[in-house]
Every structure is written in C-alpha cells, then in structure tokens.
Amino acid sequence: MNSMDIQQVLEFLPHRYPFLLVDRVLSYEPGKNLVAIKNVTINEPFFGGHFPHHPVMPGVLIIEALAQAAAILSFKTMDARGDDQSVYYFVGIDRARFKKPVTAGDTLRLDITLQRYVRGIWKFWTEARVGDKVVAEAELMCTVRALKDAAE
C-alpha cells in the first residue's frame with residue numbers, strides 16, 4: 001500500500017500553513033483513488049472567527065482539502081510534481097453537499113476517486129468523512145496550467 005507522510009505531501013503541494021489542508025496520505029493508487037487525512041484542531045486560524053461560540057470548519061475549506069488531495073492523486077497519476085512554473089486550478093465544482101458540521105478534534109478523512117481525465121481536465125468524485133459518516137461530498141474538476149498561460 002502506498003502512503004505519504006507530511007514531508008512527502010509538502011513535495012507535491014505548494015500550499016503551506018495556514019492553507020495546507022492535507023496532513024497525511026493513508027493510501028493511493030495512481031489513476032484510481034487516494035485516501036488522506038486532515039486533523040482539525042482548535043488552533044486552526046478560522047475557528048476564531050467562524051462561529052466562535054460553536055467552532056465549525058467552513059465548508060469551502062473542506063472542499064479545498066478535497067481539492068488538495070485530488071491534486072496529489074493527479075500528480076501521482078502523471079508521475080509528476082507541481083512546480084513554480086504551473087498551478088493546479090479548480091474548473092468546476094458540482095453536486096456539493098454538506099451533511100454534518102466538522103469541529104475541532106475531528107479527523108477529516110478525504111476519499112478521492114478519479115472518474116476521468118479528458119483534454120487536460122481531471123474529474124473526481126470526492127467525499128469527506130468523520131468516522132464512518134460522510135460530512136461533505138462533491139464532484140470536482142481541476143486542471144494544471146503553466147503560469148504563463150494562466151495569466152492570459
């Protein structure tokens with residue numbers, strides 16, 4: 001079984017604190033799927049302002065965590081790494097649903113399944129879980145673009 005610790009995750013994602021939202025990859029199979037985790041702690045910078053009386057992880061950050069995990073699967077599938085000459089973009093988010101709040105102390109499990117790759121567009125089915133409960137799900141579409149092309 002393939003896995004990645006935080007040092008390996010940092011080699012594949014350009015994100016850094018406070019925007020790195022993948023702590024570890026538990027397993028992956030290039031061209032198929034990936035399972036990663038994000039440990040949600042009370043020290044997260046968003047908790048101070050996102051319902052301080054009842055800290056909840058913003059849904060957009062759950063989607064971002066799923067996208068970061070999907071990016072790792074894309075790069076593993078291409079047998080490549082992100083670099084400072086390209087950027088990994090969202091091109092679509094469909095069927096997003098939020099089913100249960102994520103709070104401090106939760107371990108967010110990010111399940112990514114590659115559905116297809118056509119003409120430079122990656123399409124994934126993604127689910128975020130806490131324990132055995134799905135807390136969010138979405139179909140994500142992403143692409144890799146050279147920075148010179150991205151500016152146009």
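The values are calculated or read from the model by the stated rules, or taken from the named source; none is laboratory data. Quick caveat, the model's predicted, so the values are computed rather than measured. Cβ atoms come from the backbone with ideal geometry, glycine included; neighbour counts cover every protein chain shown.
Return a yes/no flag: does the range 66-81 have any residue that is part of a helix (DSSP H, G or I), at pLDDT below 95, surrounded by fewer than 18 Cβ atoms within 10 Å (Cβ to Cβ) and not aromatic (Phe, Trp, Tyr). Yes, the range 66-81 contains a residue that is part of a helix (DSSP H, G or I), at pLDDT below 95, surrounded by fewer than 18 Cβ atoms within 10 Å (Cβ to Cβ) and not aromatic (Phe, Trp, Tyr). In the range 135-152, of all residues being of a type outside the set (Gly, Ala, Ser) and either outside any strand (DSSP E or B) or more than 16 Å from the chain's Cα centre (by Cα) (or both), the one that is surrounded by the fewest Cβ atoms within 10 Å (Cβ to Cβ) corresponds to Glu152.
Across the range 82-110, the qualifying residues are those that are acidic (Asp, Glu) and at pLDDT 95 or above, and the one among them that is farthest from Thr126 (Cα to Cα) is Asp106.
Looking across the range 34-53, the residues that are out of contact with any Leu (no Cβ under 7 Å at 6 or more places or on another chain), within 21 Å of Lys99 (Cβ to Cβ) and touching a residue at least 24 places away in the same chain (Cβ under 8 Å) come down to Asn39, Glu44, Phe47.
Return yes or no: is Asp132 at pLDDT 95 or above, surrounded by 14 or more Cβ atoms within 10 Å (Cβ to Cβ) and not aliphatic (A, V, I, L, M)? Considered against the rule, which asks whether it is at pLDDT 95 or above, surrounded by 14 or more Cβ atoms within 10 Å (Cβ to Cβ) and not aliphatic (A, V, I, L, M), Asp132 comes out as no. Within the range 106-128, can one find any residue that is closer than 23 Å to Glu44 by Cα and loosely packed, with under 13 Cβ neighbours inside 10 Å? The answer is no, given that none of the residues of the range 106-128 is closer than 23 Å to Glu44 by Cα and loosely packed, with under 13 Cβ neighbours inside 10 Å. No other residue among Val60, Val144, Val130, Val87 is touching a residue at least 24 places away in the same chain (Cβ under 8 Å) and within 20 Å of Asp23 (Cβ to Cβ) apart from Val130. In summary, no strands (runs of 3 or more DSSP E) completely within the range 1-53 bear 3 or more residues that are in contact with a Lys or Arg (Cβ under 7 Å, 6 or more places away or on another chain) and at pLDDT below 90.
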